[in-house]
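Chemist: Quick one: the structure is below, and I'll ask about it shortly.
Please treat every number below as a calculation from the coordinates, not as lab data. Everything quoted here is computed from the prediction, not taken from an experiment. Reconstructed Cβ throughout: ideal geometry from the backbone, glycine too, with neighbour counts over all protein chains shown.
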């Protein structure tokens with residue numbers, strides 16, 4: 001047994017340089033996949049699977065202890081801590097999804113937020129402010145620091161997504177940037193960016209593309225088009241809770257187009 005271990009010693013050597021970076025990046029990717037599946041379940045009857053988020057956080061914290069000098073490890077931990085802080089506010093009493101700007105921020109876990117902000121500071125001190133996970137954590141921090149949705153610094157979030165797109169370009173990053181642009185510069189600007197992404201192969205079956213487009217169309221008052229987009233998004237998602245949410249938004253577009261709703265919007269209150 002000793003001889004076998006001696007012969008295998010090289011396999012147990014701590015990797016260095018590019019090999020170490022590649023291995024850590026691979027581990028971080030797996031941990032974040034676990035977290036994301038817990039944060040927004042891709043399929044099934046539950047909007048969130050908290051046990052997966054907790055396991056990913058546990059693994060991330062362990063890795064941060066084992067590799068304290070790796071900025072992206074702290075960046076990922078920061079991102080997960082801040083996102084996990086919203087868990088109680090993301091789900092309603094009946095299990096229904098509650099979107100970010102509709103959440104009761106008083107229900108956010110401020111201990112996790114403080115831990116996340118501290119981890120982000122560690123990443124930045126180590127020179128990792130421009131790492132992909134640290135940039136995403138900085139975006140999450142913008143939301144965490146806003147007392148109410150209206151105080152969110154969407155201009156900074158847009159700039160952070162631009163920085164992220166430079167180092168980790170993807171169609172999904174561009175879609176998120178379009179959302180930020182829509183919040184910072186108005187729905188027409190956001191819709192123009194989204195429309196430029198419609199032909200992207202990576203987004204062809206991605207339900208959040210028509211969902212985002214529907215949201216922007218609602219803000220522009222184009223309710224018939226918005227309803228079509230929400231219905232398309234509902235058909236694409238595999239998560240029952242999310243499908244119900246999207247169909248509810250489609251139904252709301254129909255109600256807003258009803259004669260009674262139009263009459264109510266244009267009626268003048270009695271003095």
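Chemist: When a/c is below 1.5 the answer is rounded, else prolate if a/b is larger than b/c, else oblate, so apply that to the range 183-231 with a ≥ b ≥ c taken from the square roots of the Cα gyration tensor eigenvalues.
Modeler: The shape class here is oblate.
Chemist: Could you line up 142, 253 from fewest to most neighbouring Cβ atoms inside 10 Å?
Modeler: 142, 253
Chemist: Can you compute the modelled spin-label distance between residue 171 and residue 40, with each label point 7 Å from Cα toward Cβ, in nm?
Modeler: With each label placed 7 Å out from Cα toward Cβ, I get 1.5 nm.
Chemist: Among 201, 50, 68, which one shows the highest mean-square fluctuation when the chain is modelled as a Gaussian network with alpha-carbon springs under 10 Å?
Modeler: 201
Chemist: Post the alpha-carbon centroid distance, the range 193-233 to the range 18-73, in whole angstrom.
Modeler: For the range 193-233 versus the range 18-73, the Cα centre distance is 29 Å.
Chemist: Starting with the fewest neighbours, write out 102, 153 ranked by other beta-carbon atoms found within 10 Å of each beta-carbon.
Modeler: Neighbour counts put them in this order, fewest first: 102, 153.
Chemist: With runs of 4+ DSSP H residues as the only contributors, calculate the mean residue ellipticity of the chain at 222 nm using -39,500 (n - 2.57) per run, divided by the residue total and rounded to the nearest 500.
Modeler: Value at 222 nm, helices only, nearest 500: -21500 deg cm²/dmol.
Chemist: Also, quick follow-up: Apply the a/c threshold of 1.5 to the C-alpha gyration tensor of the range 94-213 and tell me whether it is rounded, prolate or oblate.
Modeler: The shape class here is oblate.
Chemist: Take the chain, connect every pair of alpha-carbon atoms lying under 10 Å apart with a spring to form a Gaussian network, then pick out the residue of 227, 49, 257 with the largest mean-square fluctuation.
Modeler: 257
Chemist: Same structure, new question: Got the relative contact order for the range 22-145 handy, in percent, Cα pairs under 8 Å and 6 or more residues apart?
Modeler: On the way: 176 pairs, mean separation 31.8, N = 124.
26 percent.
Chemist: Sort 215, 195 so that the residue with the fewest other Cβ atoms within 10 Å of its own Cβ comes first and the one with the most comes last.
Modeler: The order, fewest Cβ neighbours first, is 195, 215.
Chemist: Computed over the Cα atoms, what is the radius of gyration of the range 136-271 divided by 2.2 N^0.38 Å, N being its residue count?
Modeler: Normalised Rg, Cα atoms only: 1.18.
Chemist: Additional query: May I ask you to derive the relative contact order of the range 78-166, considering only C-alpha pairs under 8 Å and at least 6 residues apart, and to give it as an integer percent?
Modeler: Details: 97 pairs, mean separation 27.5, N = 89.
After rounding, I find 31 percent.
Chemist: Next question, about the same structure. Which angle between 0 and 90 degrees, to the nearest 10, do you get for helix 71-84 versus the longest principal axis of the chain when only C-alpha atoms count?
Modeler: With both axes taken from Cα atoms, the answer is about 40 degrees.
Chemist: Then there is this: Taking the chain as the reference, fit the longest principal axis to its C-alpha atoms, fit the long axis of helix 50-66 to the helix C-alpha atoms, and give the angle between the two in degrees, 0 to 90, nearest 10.
Modeler: 40
Chemist: Anyone know which of 212, 27, 73 comes out most mobile in the 10 Å Cα GNM of the chain?
Modeler: Ranking 212, 27, 73 by mean-square fluctuation puts 27 first.
Chemist: Could I ask something else about it? From the P(r) of the range 22-145, could you give the percentage of C-alpha pairs in the tail past 19 Å?
Modeler: For the range 22-145, the share of Cα pairs beyond 19 Å comes to 44 percent.
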